[in-house]
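These notes are about the structure you will find just below.
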Amino acid sequence: MHLQVSSVSKSFGYGPKAKPVLDSVSFDLHSGQFLALVGSSGSGKSTIMRLIAGLDRPSSGEIRLDGQLIRGPGADRGMVFQKYSLYPWLTAAQNVAFGMRLQGRPKAEVRERTAYFLEVVGLVDSARLLPRELSGGMQQRVAIARSLAAEPKVLLLDEPFGALDLQIRESMQEFLHRLWQQTGLTALLITHDLEEALLLAQQVHIMAPRPGRIVRSVNVDLDRSSLAHLRVSPPFLALREELASVLRRLDSSLPA
Amino acid sequence: MPSNEADPLNRWSSLRRFMAQPWVLGLVGVATVLLIWLLTTASGAVDKLFLPSPQAVWQAGQAQWTSGVLVKDAVASIQRVFIGFALSAGLALPIGIAMGTNQTICRLLEPLMALIRYMPAPAFIPLLIIYFGLEELPKVLLIFIGTFFFNTLMIMDAVKFVPSELVETALTLGGRGLPILTRVVAPFIAPQVLDTYRINMASAWNLVIVAELVAATEGLGKRISLAQRFLRTDEIFVGLIVIGLVGLCIDLGFRFLMRKACAWAN
Ligand SMILES: Nc1ncnc2c1ncn2[C@@H]1O[C@H](COP(=O)(O)OP(=O)(O)O)[C@@H](O)[C@H]1O
Ligand SMILES: [Mg+2]
């Protein structure tokens, strides 16, 4: 699997009212990699995600998956939104099965994979509950299971934990990290939380706003055997502080 | 001393709990009006011709029941409402969904529908009689005209409020056109569609009575206009009460359906 984002620009609107939102964004993502895009809100993170998902078209530049130009949405790019996007009339299990049923997979296979992915996200006991009966963290785990069950080549996560409490966020970060280690998934995570990005991603791109562009890329080669230790380890804190100052400078240089 | 105080307090709170049941106050309201009606007629202050007593109305109702007129009228009215509204609801669903999902269709039809919606349906009666005579068709069409545009526009609105995340999630799971309509849009709008039908059913029920007042051989509205000709106020009251009760039953039926079919939305 190889996702190539090449010189992608995007503006909304036409003529003199056109608003540039992305300016020549380029990066690559390979099988098994975990990549994060970090930037303050309004830096075009969701926009680039939507372009990759095929929900919107770039104004210029191109996005290719395994050499194929992306022309629209497809099951090879699963997406998890920040806002809970479970189908409120379906149980947790039915939500997980939803994509597979859209794909027309055989019933037995759907049942088997649903059970498997509910187990992977630790929600076997909640299989029959409706979304409104689940906590925010559980809902996002169902959404992730639903995406994974449809067998995407890459999982696109748009601030998946942005609406959760701090405590739950941390346990969800642990969860996502374990999931990545266990399943070998390929993930693109968008967040405005620098710590989250550095904890989870092997490579982090920092984005500047107006128009959105990548201003700094770092490889994060740290020992991830324990995220709790990593959070407070000196090299991690040093890297975090260095990049935080980059983000701060970007924010303060904005016209008020 | 303490037990003396606790007792009335306790009684008060259990009374309050009883009154808090949603149906209790509603029943109290109905009973109060009935009582006032009973007392007013019993006092003889009002001419019986203007305000018949509840007993007289009950007797008139019983007479209509035993002669079979009541059932025949009710069936005739309900049938008209059912056919006219089924046509309206059945056609409004696809057109409303089309308008809610497709901007071109919406821009084409919305102004037209918004305009016709404000034309009072009863004003179409003369035209319908000229075109289709005095049979069933004009009455059914009146119900259709009076509810179709409301149904369509309200369904269109429901479709427009489907959260884009739900549709986009389906797209990124490999969903396309029709399956998204049937598996995402349809279940999401189902509660609003049922509620739309429930609300507009009330106007269908109004319109059938209006149509029958003008021209019909049977039906609850027809019975009322006949009763007026013979100054039978007791029969007018029977008609009004039956119309109200049937309408209430239809409303409750829709609520029941909604609670059963769309439990997730409650
Ligand atoms: N459909 C759209 N039409 C017009 N402007 C948009 C649209 N989508 C996003 N934008 C603008 O693009 C900018 C970046 O938005 P977004 O990609 O959501 O940023 P982020 O996810 O980093 O917060 C914002 O200023 C937003 O107002
Ligand atoms: Mg965003």
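The values are calculated or read from the model by the stated rules, or taken from the named source; none is laboratory data. None of the values given here were measured: they were computed from a predicted structure. With ideal geometry, Cβ positions are generated from the backbone for all residues, glycine too; neighbour counts draw on all protein chains shown. Keep in mind that these areas ignore ligands, DNA and RNA; they rest on the heavy atoms of the full protein, side chains included. Shrake-Rupley method; radii C 1.70, N 1.55, O 1.52, S 1.80 Å.
Go through the residues of the stretch A:41-55 one by one and say whether even a single one is over 24 Å from A:ARG240 (Cβ atoms) and assigned to a loop (DSSP other than H, G, I, E, B).
Yes; the residues of the stretch A:41-55 include at least one that is over 24 Å from A:ARG240 (Cβ atoms) and assigned to a loop (DSSP other than H, G, I, E, B).
Looking at B:TRP37, B:TRP58, B:TRP65, which is the one that is among the hydrophobic types (A, V, I, L, M, F, W, C) and not assigned by TED's automatic domain parsing to the domain that holds B:ILE224?
The match here is B:TRP37.
Filter the stretch A:131-151 down to residues that are open to solvent by 30 Å² or more (accessible area, probe 1.4 Å) and part of a loop (DSSP other than H, G, I, E, B) and give me whichever is nearest to the other protein chains (Cβ to nearest Cβ).
Result: A:GLU151.
Residues A:VAL215, A:VAL204: which one is modelled with pLDDT of 90 or more, surrounded by fewer than 20 Cβ atoms within 10 Å (Cβ to Cβ), within 16 Å of ligand 1 (Cβ to nearest atom) and assigned to a strand (DSSP E or B)?
Step by step, each of A:VAL215, A:VAL204 is checked, and only A:VAL215 is modelled with pLDDT of 90 or more, surrounded by fewer than 20 Cβ atoms within 10 Å (Cβ to Cβ), within 16 Å of ligand 1 (Cβ to nearest atom) and assigned to a strand (DSSP E or B).
Within the bounds of the stretch B:202-222, is there any residue that is within 14 Å of chain A (Cβ to nearest Cβ), in contact with a Leu (Cβ under 9 Å, 6 or more places away or on another chain) and in contact (Cβ under 8 Å) with a residue 12 or more places away in the chain? Before the answer, list the steps.
Within the stretch B:202-222, the first condition is being within 14 Å of chain A (Cβ to nearest Cβ), and the residues that meet it are none.
No, there is no match, as no residue in the stretch B:202-222 is within 14 Å of chain A (Cβ to nearest Cβ), in contact with a Leu (Cβ under 9 Å, 6 or more places away or on another chain) and in contact (Cβ under 8 Å) with a residue 12 or more places away in the chain.
Take the residues in the stretch A:1-35 that are closer than 18 Å to A:ALA201 by Cβ, in contact (Cβ under 8 Å) with a residue 60 or more places away in the chain and of a type in the set (A, V, I, L, M, F, W, C); name whichever of them is surrounded by the fewest Cβ atoms within 10 Å (Cβ to Cβ).
The extreme case among them is A:MET1.
What is the number of the single condition among (1) at positive phi; (2) within 14 Å of another protein chain (Cβ to nearest Cβ) that B:THR182 does not meet?
In the conditions (1) at positive phi; (2) within 14 Å of another protein chain (Cβ to nearest Cβ), B:THR182 misses (1) alone.
With respect to the numbered conditions (1) within 13 Å of another protein chain (Cβ to nearest Cβ); (2) open to solvent by 10 Å² or more (accessible area, probe 1.4 Å); (3) touching a Ser or Thr at 6+ places or on another chain (Cβ under 7 Å); (4) assigned to a helix (DSSP H, G or I), which one is the sole condition not fulfilled by A:VAL96?
(2)
Across the stretch A:36-73, what is the number of residues that are open to solvent by less than 20 Å² (accessible area, probe 1.4 Å), away from ligand 1 (no atom under 11 Å from the Cβ) and away from every other protein chain (no Cβ under 14 Å)?
2
Among B:ARG107, B:ARG16, which is the only one that is in a helix (DSSP H, G or I), at pLDDT 90 or above and open to solvent by 60 Å² or more (accessible area, probe 1.4 Å)?
Just a single option satisfies the conditions, and that option is B:ARG107.
Can you confirm whether B:GLY133 is at positive phi, under 27 Å from the mean Cα position of the chain (by Cα) and assigned by TED's automatic domain parsing to the domain that holds B:ALA186?
So B:GLY133 fits the description; yes.
Looking only at the stretch B:146-155, count every residue that is aliphatic (A, V, I, L, M) and buried (at least 24 other Cβ atoms within 10 Å of the Cβ) and tell me the total. First the steps, then the outcome.
So the first thing to find is which residues in the stretch B:146-155 are aliphatic (A, V, I, L, M), and the list is B:153-155.
Checking the rest, the ones that are also buried (at least 24 other Cβ atoms within 10 Å of the Cβ) come to B:155.
Adding up the residues that qualify gives 1.
Give me the pairs: first residue in the stretch A:137-159 and free of Cβ contacts under 8 Å to residues at least 40 places away in the same chain, second residue β-branched (Val, Ile, Thr) and more than 16 Å from ligand 1 (Cβ to nearest atom), beta-carbon distance under 8 Å, and six or more apart or on different chains, which are they?
Taking only residues 6 or more apart or on different chains, the pairs are A:GLY137/A:ILE168; A:ARG141/A:VAL121.
Against the conditions (1) touching a residue at least 24 places away in the same chain (Cβ under 8 Å); (2) closer than 28 Å to A:LEU247 by Cα; (3) within 16 Å of ligand 1 (Cβ to nearest atom); (4) outside any strand (DSSP E or B), where does A:SER85 fall short? Just the number, please.
Exception for A:SER85: condition (2).
So which of B:VAL46, B:VAL71, B:VAL57 ends up being surrounded by 11 or more Cβ atoms within 10 Å (Cβ to Cβ), over 30 Å from B:ALA216 (Cβ atoms) and not polar (S, T, N, Q)?
Matching residue, one of B:VAL46, B:VAL71, B:VAL57: B:VAL46.
Which condition number in (1) touching a residue at least 24 places away in the same chain (Cβ under 8 Å); (2) surrounded by fewer than 16 Cβ atoms within 10 Å (Cβ to Cβ); (3) under 25 Å from B:ILE97 (Cα atoms) is the one that B:LEU134 fails?
If we test B:LEU134 against (1) touching a residue at least 24 places away in the same chain (Cβ under 8 Å); (2) surrounded by fewer than 16 Cβ atoms within 10 Å (Cβ to Cβ); (3) under 25 Å from B:ILE97 (Cα atoms), just (3) comes out false.
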